[in-house]
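What follows is a short report on a single structure.
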Amino acid sequence: MNKIMVITGTSKGIGRYLAEYFLQKNFIVIGCDLSKTNLKHNRYEHFCLDVSDEISVRKMITIIVKKHRKIDYLINNAGIASMNHSLLTPLSVVEKIFKTNFFGTFLFCREIGKVMAKNKFGRIINFSSVAVPLHLEGESIYAASKAAVEEFTRILAKEFGNLGITCNAIGPSPIKTDLIKNISKEKINNLLEQQAIGEFASFDDIVNVIEFFISNKSNMVTGQIIYLSGVC
Amino acid sequence: MDKNQITEIVTNTIKDYLETQNIRIEINSNSALIGDNSLLDSMGLVNVIIDIESQFLDKDIEISLISEKAMSRKNSPFRTVSSLANFIHEKIEGNYE
(Lines give C-alpha, C1' and ligand atoms only; values in the text may rest on other atoms or scores of the structure.)
Protein backbone atom coordinates (compact mmCIF):
# COMPACT_ATOMS: atom_id res chain seq x y z
CA MET A 1 0.00 0.00 0.00
CA ASN A 2 1.32 3.44 -0.91
CA LYS A 3 2.41 5.77 1.85
CA ILE A 4 0.36 8.95 1.97
CA MET A 5 2.21 12.20 2.63
CA VAL A 6 0.82 15.71 2.92
CA ILE A 7 3.25 18.57 2.33
CA THR A 8 2.28 22.22 2.64
CA GLY A 9 3.80 24.91 0.44
CA THR A 10 4.68 22.71 -2.52
CA SER A 11 4.61 25.21 -5.39
CA LYS A 12 8.28 26.09 -5.07
CA GLY A 13 11.44 25.92 -3.01
CA ILE A 14 11.87 23.27 -0.34
CA GLY A 15 8.25 22.10 -0.55
CA ARG A 16 8.48 21.49 -4.28
CA TYR A 17 11.76 19.63 -3.84
CA LEU A 18 10.32 17.45 -1.09
CA ALA A 19 7.23 16.66 -3.17
CA GLU A 20 9.37 15.53 -6.11
CA TYR A 21 11.72 13.58 -3.84
CA PHE A 22 8.97 11.58 -2.13
CA LEU A 23 7.15 10.99 -5.41
CA GLN A 24 10.35 9.33 -6.60
CA LYS A 25 10.18 7.18 -3.48
CA ASN A 26 6.72 5.94 -4.53
CA PHE A 27 4.76 7.95 -1.97
CA ILE A 28 1.40 9.45 -2.81
CA VAL A 29 2.06 13.14 -2.23
CA ILE A 30 -0.71 15.63 -1.58
CA GLY A 31 0.48 19.20 -1.70
CA CYS A 32 -1.03 22.59 -1.25
CA ASP A 33 -0.07 26.18 -1.79
CA LEU A 34 -1.62 29.58 -2.37
CA SER A 35 -0.70 29.21 -6.01
CA LYS A 36 -1.19 26.52 -8.63
CA THR A 37 1.61 24.17 -9.49
CA ASN A 38 3.03 22.87 -12.72
CA LEU A 39 4.11 19.68 -10.96
CA LYS A 40 2.37 16.87 -12.80
CA HIS A 41 2.59 13.29 -11.60
CA ASN A 42 0.06 10.47 -11.37
CA ARG A 43 0.69 10.22 -7.62
CA TYR A 44 0.57 13.97 -6.93
CA GLU A 45 -2.56 15.88 -5.94
CA HIS A 46 -2.60 19.63 -5.45
CA PHE A 47 -4.89 21.93 -3.50
CA CYS A 48 -4.86 25.72 -3.88
CA LEU A 49 -5.51 27.18 -0.46
CA ASP A 50 -4.35 29.42 2.34
CA VAL A 51 -2.97 27.15 5.09
CA SER A 52 -4.47 29.42 7.73
CA ASP A 53 -7.99 29.17 6.30
CA GLU A 54 -9.68 26.69 8.63
CA ILE A 55 -12.59 25.85 6.33
CA SER A 56 -10.34 25.23 3.31
CA VAL A 57 -7.97 23.06 5.35
CA ARG A 58 -10.83 20.99 6.74
CA LYS A 59 -12.25 20.51 3.25
CA MET A 60 -8.87 19.42 1.93
CA ILE A 61 -8.39 16.84 4.69
CA THR A 62 -11.95 15.55 4.27
CA ILE A 63 -11.35 14.97 0.55
CA ILE A 64 -8.05 13.20 1.24
CA VAL A 65 -9.57 10.95 3.91
CA LYS A 66 -12.51 10.01 1.72
CA LYS A 67 -10.17 9.04 -1.08
CA HIS A 68 -7.21 7.48 0.72
CA ARG A 69 -8.67 6.59 4.16
CA LYS A 70 -5.42 7.54 5.89
CA ILE A 71 -2.54 10.01 6.07
CA ASP A 72 0.83 8.66 7.20
CA TYR A 73 3.08 11.70 7.06
CA LEU A 74 2.66 15.44 7.38
CA ILE A 75 5.34 17.97 6.53
CA ASN A 76 4.36 21.49 7.55
CA ASN A 77 6.71 23.31 5.24
CA ALA A 78 4.67 26.38 4.23
CA GLY A 79 6.18 29.50 5.67
CA ILE A 80 6.89 33.15 5.04
CA ALA A 81 9.52 35.54 6.35
CA SER A 82 9.85 39.25 6.72
CA MET A 83 12.92 41.05 7.94
CA ASN A 84 12.43 44.31 9.71
CA HIS A 85 13.26 46.09 12.94
CA SER A 86 10.50 45.48 15.49
CA LEU A 87 9.91 49.22 15.83
CA LEU A 88 9.16 49.39 12.12
CA THR A 89 6.96 46.33 11.84
CA PRO A 90 3.25 46.85 11.11
CA LEU A 91 0.84 44.65 13.04
CA SER A 92 -0.58 43.42 9.74
CA VAL A 93 2.81 41.86 8.92
CA VAL A 94 2.93 40.17 12.33
CA GLU A 95 -0.52 38.73 11.76
CA LYS A 96 0.38 37.53 8.27
CA ILE A 97 3.52 35.76 9.45
CA PHE A 98 1.83 34.10 12.41
CA LYS A 99 -1.12 33.05 10.28
CA THR A 100 1.01 31.17 7.79
CA ASN A 101 3.81 29.94 10.03
CA PHE A 102 1.93 29.06 13.18
CA PHE A 103 -1.82 28.97 12.56
CA GLY A 104 -1.27 26.95 9.38
CA THR A 105 0.94 24.48 11.21
CA PHE A 106 -1.59 24.20 14.01
CA LEU A 107 -4.54 23.58 11.68
CA PHE A 108 -2.79 20.85 9.69
CA CYS A 109 -1.53 19.17 12.86
CA ARG A 110 -4.99 19.23 14.40
CA GLU A 111 -6.91 17.99 11.39
CA ILE A 112 -4.38 15.40 10.24
CA GLY A 113 -3.65 14.42 13.84
CA LYS A 114 -7.26 13.20 14.07
CA VAL A 115 -6.77 11.01 10.99
CA MET A 116 -3.45 9.66 12.22
CA ALA A 117 -4.87 8.95 15.68
CA LYS A 118 -7.56 6.79 14.14
CA ASN A 119 -4.91 4.73 12.35
CA LYS A 120 -2.61 4.74 15.37
CA PHE A 121 0.29 5.86 13.21
CA GLY A 122 1.65 9.14 12.03
CA ARG A 123 4.77 11.20 11.57
CA ILE A 124 4.55 14.98 11.75
CA ILE A 125 7.45 17.20 10.81
CA ASN A 126 7.17 20.92 11.42
CA PHE A 127 9.50 23.63 10.20
CA SER A 128 11.37 25.87 12.60
CA SER A 129 14.48 27.89 11.79
CA VAL A 130 17.93 28.64 13.14
CA ALA A 131 16.57 32.16 13.60
CA VAL A 132 15.14 30.88 16.93
CA PRO A 133 18.34 29.76 18.72
CA LEU A 134 20.44 32.48 17.08
CA HIS A 135 18.01 35.22 18.18
CA LEU A 136 18.59 37.11 14.95
CA GLU A 137 18.11 40.86 14.99
CA GLY A 138 15.60 41.97 12.40
CA GLU A 139 13.81 38.64 12.53
CA SER A 140 11.94 39.05 15.80
CA ILE A 141 8.51 38.24 14.36
CA TYR A 142 9.65 35.43 12.08
CA ALA A 143 11.69 33.89 14.93
CA ALA A 144 8.80 34.33 17.37
CA SER A 145 6.45 32.50 15.00
CA LYS A 146 8.97 29.67 14.65
CA ALA A 147 9.54 29.58 18.42
CA ALA A 148 5.79 29.08 18.71
CA VAL A 149 6.05 26.19 16.26
CA GLU A 150 8.85 24.64 18.33
CA GLU A 151 6.96 24.77 21.63
CA PHE A 152 3.81 23.55 19.91
CA THR A 153 5.81 20.64 18.48
CA ARG A 154 7.18 19.64 21.86
CA ILE A 155 3.79 19.69 23.57
CA LEU A 156 2.11 17.98 20.62
CA ALA A 157 4.66 15.20 20.97
CA LYS A 158 3.38 14.64 24.50
CA GLU A 159 -0.28 14.90 23.58
CA PHE A 160 0.12 12.59 20.59
CA GLY A 161 2.63 10.22 22.18
CA ASN A 162 0.10 7.55 23.09
CA LEU A 163 -1.68 7.84 19.77
CA GLY A 164 1.18 6.38 17.73
CA ILE A 165 2.11 9.77 16.32
CA THR A 166 5.54 11.33 16.55
CA CYS A 167 6.00 15.06 16.14
CA ASN A 168 9.36 16.68 15.47
CA ALA A 169 10.74 19.78 13.84
CA ILE A 170 13.65 20.69 11.63
CA GLY A 171 15.35 24.05 11.85
CA PRO A 172 17.07 24.69 8.54
CA SER A 173 19.96 27.08 8.29
CA PRO A 174 19.98 29.38 5.24
CA ILE A 175 19.27 27.69 1.94
CA LYS A 176 19.24 29.50 -1.36
CA THR A 177 15.46 29.88 -1.79
CA ASP A 178 13.02 32.77 -2.29
CA LEU A 179 12.68 33.03 1.49
CA ILE A 180 16.07 34.74 1.80
CA LYS A 181 16.32 36.42 -1.60
CA ASN A 182 15.69 39.88 -0.15
CA ILE A 183 18.22 39.58 2.66
CA SER A 184 21.51 41.41 2.10
CA LYS A 185 24.71 39.45 1.53
CA GLU A 186 26.23 41.07 4.59
CA LYS A 187 23.40 39.82 6.83
CA ILE A 188 23.58 36.33 5.39
CA ASN A 189 27.35 36.18 5.81
CA ASN A 190 27.00 37.36 9.39
CA LEU A 191 24.48 34.57 9.99
CA LEU A 192 26.68 31.92 8.38
CA GLU A 193 29.56 33.00 10.63
CA GLN A 194 27.46 32.13 13.70
CA GLN A 195 27.02 28.53 12.53
CA ALA A 196 29.41 25.70 13.40
CA ILE A 197 29.43 24.92 9.69
CA GLY A 198 29.46 28.28 7.96
CA GLU A 199 27.94 27.25 4.66
CA PHE A 200 24.58 27.30 2.96
CA ALA A 201 22.61 24.12 3.56
CA SER A 202 21.08 22.22 0.70
CA PHE A 203 17.68 20.65 0.06
CA ASP A 204 19.30 17.25 0.56
CA ASP A 205 20.34 18.23 4.09
CA ILE A 206 16.67 18.76 4.89
CA VAL A 207 15.66 15.48 3.24
CA ASN A 208 18.23 13.68 5.37
CA VAL A 209 16.66 14.90 8.62
CA ILE A 210 13.13 14.22 7.38
CA GLU A 211 14.07 10.67 6.35
CA PHE A 212 15.34 10.15 9.89
CA PHE A 213 12.13 11.48 11.47
CA ILE A 214 9.80 9.44 9.27
CA SER A 215 11.77 6.20 9.49
CA ASN A 216 9.88 3.25 10.96
CA LYS A 217 12.84 2.91 13.29
CA SER A 218 12.19 6.38 14.74
CA ASN A 219 9.22 5.33 16.89
CA MET A 220 10.96 6.69 19.95
CA VAL A 221 12.05 9.98 18.38
CA THR A 222 9.53 12.69 19.18
CA GLY A 223 9.44 16.25 20.50
CA GLN A 224 12.87 16.95 19.01
CA ILE A 225 14.12 19.98 17.12
CA ILE A 226 17.08 19.35 14.84
CA TYR A 227 18.95 22.39 13.52
CA LEU A 228 21.20 22.21 10.51
CA SER A 229 24.76 23.56 10.34
CA GLY A 230 25.59 22.90 13.96
CA VAL A 231 23.46 25.66 15.41
CA CYS A 232 22.43 25.01 19.00
CA MET B 1 -30.88 12.28 10.67
CA ASP B 2 -32.99 12.32 13.86
CA LYS B 3 -31.79 12.52 17.44
CA ASN B 4 -32.35 8.81 18.12
CA GLN B 5 -30.06 7.85 15.26
CA ILE B 6 -27.45 10.33 16.45
CA THR B 7 -27.69 9.05 20.02
CA GLU B 8 -27.21 5.51 18.74
CA ILE B 9 -24.05 6.50 16.85
CA VAL B 10 -22.69 8.35 19.89
CA THR B 11 -23.49 5.46 22.24
CA ASN B 12 -22.00 2.82 19.96
CA THR B 13 -18.87 4.87 19.38
CA ILE B 14 -18.32 5.28 23.11
CA LYS B 15 -18.99 1.56 23.68
CA ASP B 16 -16.49 0.63 20.98
CA TYR B 17 -13.88 2.91 22.49
CA LEU B 18 -14.44 1.57 26.01
CA GLU B 19 -14.14 -1.98 24.71
CA THR B 20 -10.71 -1.16 23.34
CA GLN B 21 -9.88 -0.20 26.93
CA ASN B 22 -11.36 -3.49 28.23
CA ILE B 23 -14.18 -1.61 29.91
CA ARG B 24 -17.67 -3.07 29.61
CA ILE B 25 -20.31 -0.84 31.09
CA GLU B 26 -23.96 -0.03 30.46
CA ILE B 27 -24.35 3.30 28.69
CA ASN B 28 -27.51 5.36 28.56
CA SER B 29 -28.36 8.87 27.45
CA ASN B 30 -27.59 10.25 30.92
CA SER B 31 -24.14 8.69 31.15
CA ALA B 32 -21.59 11.35 32.02
CA LEU B 33 -18.71 11.97 29.61
CA ILE B 34 -16.85 14.54 31.69
CA GLY B 35 -16.64 15.41 35.37
CA ASP B 36 -17.28 13.15 38.35
CA ASN B 37 -18.25 9.56 37.55
CA SER B 38 -17.60 10.08 33.86
CA LEU B 39 -17.08 7.17 31.51
CA LEU B 40 -14.04 8.76 29.91
CA ASP B 41 -10.80 10.33 30.98
CA SER B 42 -9.56 13.40 29.08
CA MET B 43 -7.76 11.39 26.38
CA GLY B 44 -10.74 9.08 26.16
CA LEU B 45 -12.95 12.07 25.36
CA VAL B 46 -10.49 13.21 22.69
CA ASN B 47 -10.52 9.74 21.12
CA VAL B 48 -14.29 9.52 21.21
CA ILE B 49 -14.71 12.96 19.62
CA ILE B 50 -12.33 11.97 16.80
CA ASP B 51 -14.19 8.68 16.31
CA ILE B 52 -17.61 10.34 16.30
CA GLU B 53 -16.51 12.91 13.68
CA SER B 54 -15.14 10.04 11.63
CA GLN B 55 -18.35 8.00 11.97
CA PHE B 56 -20.37 10.90 10.58
CA LEU B 57 -17.85 11.51 7.82
CA ASP B 58 -18.37 7.90 6.70
CA LYS B 59 -22.01 8.86 6.27
CA ASP B 60 -20.99 11.94 4.25
CA ILE B 61 -21.83 14.28 7.12
CA GLU B 62 -18.94 16.58 7.93
CA ILE B 63 -19.13 18.03 11.42
CA SER B 64 -16.58 19.53 13.73
CA LEU B 65 -17.27 19.05 17.40
CA ILE B 66 -14.73 21.63 18.43
CA SER B 67 -15.66 25.27 18.47
CA GLU B 68 -14.94 28.21 20.71
CA LYS B 69 -18.59 28.53 21.63
CA ALA B 70 -18.89 24.85 22.48
CA MET B 71 -15.83 24.95 24.69
CA SER B 72 -17.11 28.01 26.52
CA ARG B 73 -20.73 26.98 26.83
CA LYS B 74 -21.94 27.21 30.38
CA ASN B 75 -23.35 23.74 30.05
CA SER B 76 -20.75 21.86 28.07
CA PRO B 77 -22.19 19.80 25.19
CA PHE B 78 -19.78 17.07 26.21
CA ARG B 79 -21.26 16.48 29.67
CA THR B 80 -23.54 13.54 28.79
CA VAL B 81 -24.38 11.25 25.88
CA SER B 82 -27.68 13.06 25.48
CA SER B 83 -26.20 16.59 25.51
CA LEU B 84 -23.58 15.53 22.96
CA ALA B 85 -26.26 14.01 20.72
CA ASN B 86 -28.28 17.24 20.97
CA PHE B 87 -25.20 19.27 20.10
CA ILE B 88 -24.48 17.13 17.05
CA HIS B 89 -28.12 17.40 15.99
CA GLU B 90 -27.90 21.19 16.20
CA LYS B 91 -24.70 21.13 14.17
CA ILE B 92 -26.20 18.97 11.46
CA GLU B 93 -29.34 21.06 11.31
CA GLY B 94 -27.19 24.17 10.96
CA ASN B 95 -28.57 25.75 14.11
CA TYR B 96 -25.20 25.97 15.75
CA GLU B 97 -21.93 27.33 14.51
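Before moving on, here are some points about what is shown:
- Unmet criterion (only one of (1) modelled with pLDDT under 90; (2) more than 27 Å from residue B:74 (Cβ to Cβ); (3) within 14 Å of chain A (Cβ to nearest Cβ)) for residue B:16: (1)
A quick yes/no check of all residues on (1) on the phi > 0 side of the Ramachandran plot; (2) of a type in the set (D, E, K, R); (3) more than 13 Å from the chain's Cα centre (by Cα):
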position	(1), (2), (3)
B:7	no, no, no
B:11	no, no, no
B:34	no, no, no
B:40	no, no, no
B:44	no, no, no
B:49	no, no, no
B:73	no, yes, yes
B:85	no, no, no
B:92	no, no, yes
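- Meets criteria (in a helix (DSSP H, G or I) and open to solvent by 50 Å² or more (accessible area, probe 1.4 Å)) for residue A:182: no
- Unique match (being acidic (Asp, Glu) and more than 14 Å from every other protein chain (Cβ to nearest Cβ)) among B:90, B:53, B:62: B:90
- Here residue A:123 meets the list (1) basic (Lys, Arg); (2) open to solvent by less than 30 Å² (accessible area, probe 1.4 Å); (3) touching a Gly at 6+ places or on another chain (Cβ under 8 Å); (4) under 28 Å from residue B:44 (Cβ atoms) almost entirely, failing just condition (3).
- Meets criteria (surrounded by 10 or more Cβ atoms within 10 Å (Cβ to Cβ), away from chain A (no Cβ under 14 Å) and of a type outside the set (Asp, Glu)) for residue B:31: yes
- Any hit, segment A:95-116, residues being out of contact with any Cys (no Cβ under 6 Å at 6 or more places or on another chain), within 13 Å of another protein chain (Cβ to nearest Cβ) and open to solvent by 60 Å² or more (accessible area, probe 1.4 Å): yes
- Test: residue in segment A:118-135 that is under 21 Å from residue A:188 (Cα atoms), under 16 Å from the mean Cα position of the chain (by Cα) and assigned to a helix (DSSP H, G or I): yes
- Being among the basic types (Lys, Arg) and under 30 Å from residue B:17 (Cβ atoms) holds for only one residue in A:59, A:146, and it is A:59.
- Within segment B:65-75, the set of residues being of a type in the set (A, V, I, L, M, F, W, C) and within 11 Å of chain A (Cβ to nearest Cβ) comprises B:65, B:66.
- Once segment A:45-70 is narrowed to residues that are open to solvent by less than 20 Å² (accessible area, probe 1.4 Å) and not β-branched (Val, Ile, Thr), the residue that is farthest from the other protein chains (Cβ to nearest Cβ) is A:49.
- Taking (1) farther than 15 Å from residue A:157 by Cβ; (2) within 14 Å of chain B (Cβ to nearest Cβ); (3) modelled with pLDDT of 95 or more in turn, residue A:122 satisfies each apart from (1).
- When the helices (runs of 4 or more DSSP H) confined to segment B:13-97 are screened for residues that are without any contact (Cβ under 8 Å) to a residue 24 or more places away in the chain and more than 17 Å from residue B:2 (Cβ to Cβ), those reaching at least 2 such residues are found at B:42-58, B:68-72.
The values are calculated or read from the model by the stated rules, or taken from the named source; none is laboratory data. As the structure is a prediction and not an experimental result, all values here were calculated from the model. Because the Cβ atoms are built from the backbone with ideal geometry, glycine has one as well, and the counts that use them run over all protein chains shown. Protein only, heavy atoms only, side chains kept; ligands, DNA and RNA dropped before computing areas. Shrake-Rupley method; radii C 1.70, N 1.55, O 1.52, S 1.80 Å.
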